[in-house]
């Protein structure tokens, strides 16, 4: 076909493999998935931070009532919900999404910290437990902000 003059692909056709349009997640779905992934990462690294901070509290074990697999699923669902809330706020404010995600995660940590007495009264005044929770929320916020 060297003697034919073919037009190059452009517009909606350009970059479409095998005639199928690429599927994209909505921003809200992506934020929910990012929140779930960030929560799973938090849960998977908990054994490490428990040793590092010298505090044996586990959000995942608490949520799963001692069963890590159940707790991890509940924590992932909570992370997905947080991601949806993050997305709703992100659409209404003019703040870098990475800063917003981190700020929201740390604000949640500070706002909900007093409720730790429902789990274990001694944790409320334990600086290691608060540092551990702050680290976990920082990890979550950083991952959410990067992935959403």
request  = Return the only residue of 102, 81, 106, 123 being more than 17 Å from residue 33 (Cβ to Cβ), within 14 Å of the chain's Cα centre (by Cα) and in contact (Cβ under 8 Å) with a residue 40 or more places away in the chain.
outcome  = 102
query = Do we have residue 39 as surrounded by 15 or more Cβ atoms within 10 Å (Cβ to Cβ) and either assigned to a helix (DSSP H, G or I) or touching a helix residue (DSSP H, G or I) at 6+ places or on another chain (Cβ under 7 Å) (or both) here?
reply = yes
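Bear in mind these aren't lab numbers, they're just calculated from the coordinates by the rules spelled out. The structure presented is a predicted model; accordingly, all values stated were derived computationally and were not measured. Heads up, the Cβs are rebuilt from the backbone with ideal geometry, glycines too, and the neighbour counts pull from every protein chain shown.
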